[in-house]
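Working notes for the structure below.
Please treat every number below as a calculation from the coordinates, not as lab data. Every value quoted in this text rests on a predicted model; they were computed, and no experiment measured them. FYI the Cβ positions are ideal-geometry reconstructions off the backbone, even for glycines, and counts take in every protein chain you see.
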Amino acid sequence: MAANSKELIENDLAELKSRLEQESLPNVLADTDQELKLLKNTTLHIAVTGNTGAGKSSFVNAFRNISDYKESSAETDVKQTTMEPQKYPNDIFPEITLWDLPGIGTREFKPNEYLKIVNFSRYDFFIIVSAGRFTVNDTMLALEIKKMNKRFYFVRTKVDQDMHNEGMKPNFSETQTLEQIRNDCLSNLWKEGIDDPKVFLISRWHLNKYDFPKLHKTLAEDLNDLKRPLLIMAMPAFSREHLQEKKAAMEKLIWKKALKSCGVGAIFVPGLSVAYDVYLLISSMKEICRAFGLDKGSLCNLAERIRKPVDVLKSAVQKTPMASQIDSKFVLSLFTKFLTVGSAMAVEELARLIPVLGSLVGGVTSFATTRYVLKSFLEDAMADAESVLAKAAE
């Protein structure tokens, strides 16, 4: 067995033993079941609002990591297209829905009536979009949202156009120009009574530039422990740092799923444990592929957005199969690999766990198998996702 594989199994089983010395296995499994159910049923609703023509629809599409020209994209005509809240689920993670709201301040939608019309209570937070200075209507809306104890964020769009226009001037400095735009937004919002505005400068066409990554990080930090992993998984990765966030969130989920596998493995029903583990591994690996953008849909969306052939991106995926190729045959081959490298260690550690587990020792192998296989798969997915990022940047 490779040294790192041996160490991985030792650490996992030692962590399990430590947990079970503090709390009984039935209690641990009950807590885990509850946590997994909550995660499965968690949804996130994001409202995107602002003046007509501010770029709300393009922002919605960028947040979903799709182009403006895909069939499922939000309409981006310059005229007022959104007359009522439009629902746009994330293509890959339908638990996240963005709502393109009517432009505030139009004849049809006055600020003092706006929140009631758009069903304010539905949304987890609001993103207020502007292509220039934020208006009185924007600040009035923000103050109303604040009264109702919900978060809001200001997004200044079309920054790439500003950079292009300012770049024609002598002695142009991108850093200074961005600072001027930011200060202009902040001073205007301060004057209108917004004490601590969060302003993000973005370009729909360059998601890895300006403040789009910072916006993603801020939103994730402001969400609770249930909704945060969902946003992290669904957001497109712009850098290795973002991929590391996805990996950390997925490792926590893998631990919970391994505990669930342990509980099923402790039930003495012939064939039940293996059948459940196969199902669990298939679904979890497909989830990892989606989170790291390694499924067909994600790769096609990225290829369309950066205008490169999807086969170029697929060529960077060397270690993990497409999500559609993950089936019971593939999973059983990984089982065989684990039994080859890990069974001896599992048996050795099992002897140390017997005083803690008592008659429930049957779940240890299931736990170790699930943890080892999924963590190994996660490492491969991380490597492939980094390769795709590099290929996209070429």
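To the nearest 0.05, how large is the calculated FRET efficiency for residue 208 and residue 24 if R₀ is 41 Å and r is the Cβ-Cβ distance? So the FRET efficiency works out to roughly 0.30. With charges set only on the Cβ (+1 for Lys and Arg, -1 for Asp and Glu), what does the dipole of region 44-225 come to about its Cα centre, in debye to the nearest 20? The calculated dipole for region 44-225 is roughly 260 debye. The slack in the chain from residue 143 to residue 38, taken as 0.36 nm per residue of separation less the alpha-carbon distance, amounts to 34.6 nm. Mean projection of the Cα convex hull over all viewing directions, computed for region 44-225: 10.8 nm².
Exceeding 20 Å between C-alpha atoms, which entries from my cross-link table qualify? They are 40/286; 116/217; 217/314; 116/150; 146/191; 87/158. In this structure, 116/217; 217/314; 87/158 lie more than 20 Å apart at Cα.
Counted by neighbouring Cβ atoms within 10 Å, the residues 245, 144, 394 run from fewest to most as 394, 144, 245. Distance between the 7 Å Cα→Cβ label points at residue 169 and residue 300: 4.5 nm.
Among the chymotrypsin sites (Phe, Trp or Tyr not before Pro) in region 118-192, those placed in a DSSP loop whose Cβ has at most 14 other Cβ atoms within 10 Å are 172. The peptide list 317-325, 23-31, put in order of mean Cβ contacts within 10 Å with the highest first, becomes 317-325, 23-31. If R0 equals 56 Å, the separation of the Cβ atoms of residue 121 and residue 393 corresponds to a calculated FRET efficiency of about 0.85.
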